[in-house]
Amino acid sequence: MSKKKTIIWIGAGVAGIILLLFLANLYVKNSIEQQLDEKLQASGYNDLSVNIFLNRFSVENLKLDERRFAGSIDKVKVNRLSYTEYLFNNNIEVDEFEIISPSLTFFPKDTSAKKSSAQQQVHVKNLRVKNGSFSKQPSDTAAATMYAHIPTARVEDIKSGMQLSGLKNYQLELDTLYLRMNPEHYIDVGSVSAQNGQIDISDFKIRSLFTREEFVQRIPYEKDYVRLDVEKITLDSLNFEMRNDSLYLRNPKMTVARAQLDIYRNKLVADYPNEKPLYSKMLREAPIFLNFEKVEVKNSEIVYEEQVEGAEKPAIVRFAAVNGEINDLHNLKELDTQLKITANADFMQGTPVSIDWTFPVFNPQDKFQISGNFGTLEGEALDPFLIPSLNARARGTVNSVYFNFYGNDDVLQGDFRMEYDEFKVELVNKEKEKKGFLSAIANLFVDNEQEPDEGGGQDVRVERTKNKSFWNYAWKGLCEGLLDAVGQL
């Protein structure tokens, strides 16, 4: 063969290869465009770049308007697509998938949509998201019930149809998270850092959408107006998966540090009309499965305020320096461990208080046992509660209080013991001045002849008011023991 013919054949071969590459590139580009139109219902995009020789693909300014989500993505980059899987099996397998500056809104799942009988399999070995904004809305005209901004996220080895438990290697950073709790409250989180189960949450807040006054005007019956600030929440190894179509969360240890919980309740609003379940029933019927071996609460504070009729200011109960531990917090039938709570705090103006509380989650009678004790308490410390709520004040010293209650959804009973010294109840008028005559009558019912160390055990039995909380139930037991201990008729 002559040199001239050889050159022609080589040139033809090169041209053929170039033509084949061009046609292949065109085929892949058209196929990607079809995927964008059919799978994602893209309403527009710019600069679709396809390079099968370098095995890189990208699309810019992608606009999405699908049944389940809508929004835009500044850029999508795909590296190293498996041609054999794509061309011969119609599956997508890529080494790297990067999404830059997505801004997406998700809508409720369309249950009427028909599932395809031949699902395309997708396998992404490394997914990265940068500067993403995600929200969820009940409809395209309603306000968002969830919003998150994600500066960076990385997930490895994602496969279509995989369970949550299949996520083994991931990293996530959030600097904004908003969740709507209910019609009156929302959750706001400053930052979240998660890596393979190790989760750190900073600046966790619960806030109301309204002021106290607006809140009271809007609620049809008694509800708690809640304000919560938590400086730090950590979970050392959170695992999540699906179990019987429900989310299952499992974690060995969770720590809540420096929380401030403020609860306000206005008693002038109508009582809650329905039965309130005890905590065992709430856990038993929770929509998710939980198994937290230990939850620690450190250096926190709880303030409860109650507005009653005729009082200018709400009655206040305060627990400072709260430290506690919850063991075996779970709602799994197969586990035979029983939930146990221990806690201690400073009550009102520095009175030490501690409690031990257990309840088996799957007991059909919702049985429980709660015991505790209060240290030395000066009567003046109760003024912020007694004056607004009972138009009364206490004077003298309570040396100690001990109680041990057990019960179920119907009846609480047990033992109460109080030791006190010169303990007196004084009724006051609105100007907080002592009403001598009424105070004298009130103190006829207080046995101040009791020796400080004598103590007196009281048998307590109260019935539960079903439309009120567990804490109202326990409070009724304490009040019953207190009245019996001081000789109240």
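The values are calculated or read from the model by the stated rules, or taken from the named source; none is laboratory data. All values derive from a computational prediction rather than experimental measurement. For neighbour counting, all protein chains shown are included, and Cβ atoms are generated from backbone atoms with ideal geometry for every residue, glycine included. Only protein heavy atoms, including side chains, enter the accessible area calculation; ligands, DNA and RNA are left aside. Shrake-Rupley method; radii C 1.70, N 1.55, O 1.52, S 1.80 Å.
For the reader, a short list of remarks on this structure follows.
- Environment charge at Ile341 (Cβ cut-off 13 Å; Lys +1, Arg +1, Asp -1, Glu -1): -2
- Distance in nm between pseudo-label sites at Gln365 and Glu309 (7 Å out along the Cβ direction from Cα): 3.7 nm
- For Thr211 and Met146, the FRET efficiency from 1/(1 + (r/R0)^6), where r spans their Cβ atoms and R0 equals 25 Å, is about 0.55.
- Dipole of segment 331-423 [Lys/Arg +1, Asp/Glu -1 at C-beta], most positive-end residue of Leu339, Ala394, Ala381: Leu339
- Its Kirkwood hydrodynamic radius, worked out from the mean inverse distance over all distinct Cα pairs, puts segment 200-335 at 17.4 Å.
- Dipole moment magnitude, nearest 20 debye, segment 164-307 about Cα centre, only Lys, Arg, Asp, Glu C-beta charged: 340 debye
- Surface share of carbon and sulfur [accessible, 1.4 angstrom probe, percent] for segment 288-394: 52 percent
- With R₀ set to 45 Å, the beta-carbon distance separating Leu179 from Glu60 gives a calculated FRET efficiency near 0.90.
- For segment 268-315 versus segment 73-89, the inter-centroid distance based on Cα atoms is 51 Å.
- Rounded FRET efficiency, nearest 0.05, which uses the C-beta distance separating Arg154 from Trp471 and R0 of 45 Å: 0.55
- Radius of gyration over Kirkwood radius for segment 296-342, both on Cα atoms: the Rg/Rh ratio is 1.25.
- Remark: the Asn46-Asn169 segment gains 41.0 nm on full extension, using 0.36 nm per residue and subtracting the alpha carbon distance.
- For a label point 7 Å along the Cα-to-beta-carbon line of Cys479, residues of segment 386-412 with backbone N under 13 Å: 386, 389-391
- Net charge of Cβ neighbours under 12 Å - reference Asp356; Lys, Arg +1; Asp, Glu -1: 0
- Toward the positive end of the charge dipole of segment 168-310, with +1 on the Cβ of Lys and Arg and -1 on the Cβ of Asp and Glu, the farthest Cα among Tyr221, Val256, Phe210 is that of Val256.
- Straight Cα distances below 16 angstrom link Lys205 to the aspartates and glutamates Asp175, Glu184, Asp188, Asp224, Asp229, Glu231, Asp262, Glu301, with same-chain residues fewer than 8 positions distant left out.
- With K and R counted +1 and D and E -1, the other residues having a Cβ less than 12 Å from that of Tyr186 yield a net charge of +2.
- For segment 103-108, Karplus couplings with θ = phi - 60° (6.51, -1.76, 1.60), whole Hz, Gly/Pro x: 9, 10, 10, 9, 10, x
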